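Following: one structure in structure tokens, then a few remarks.
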Amino acid sequence: SVTPIASPLFAANIYPIFNASCDSSSCHGSASPKAGLDLSSAATSYAELVGVAAEDSSCSGTRVIASDAANSVLYKRVAGASCGPRMPNNGTCLDNGQVTMIKNWINVGAPNN
């Protein structure tokens, strides 16, 4: 289990979770990203997450609302908070430390750092 950091960095702490868990080759890679979400690089991931409307009909809203994890689609999907299937869809669910770190990153303003 990952020990969550209170103010995680996107490139160093958050993107590696996506890179390891979101099966970029078949789910959220650049070739055919599911739900229009390309997580193939840190820069692309950030640009497609923060302030961007979700394209998945099972979970409408904004993917990441800076400073508001509870209403961010990304957090709801990785936490399993009644917003479509829990992500990653075809893999092992993120551990509590990883989910908390994503929540903390969003709640400190989702900085691109």
Task: Among (i) 14.6; (ii) 13.6; (iii) 15.2, the entry derived from the coordinates for Kirkwood radius over Cα pairs in Å - done: (ii)
Task: Difference of contour (0.36 nm per residue) and Cα-Cα distance, Ser1 to Asn112 - done: 37.5 nm
Task: Pair Ser82, Lys34: separation of 7 Å Cα→Cβ label points (nm) - done: 2.3
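Values quoted throughout were computed directly from the atomic coordinates according to the rules given, and no laboratory measurement underlies them. It should be emphasised that the depicted structure is a prediction, and the values quoted were computed from it without experimental measurement. Virtual Cβ from ideal backbone geometry, glycine too; neighbours counted across all protein chains shown.
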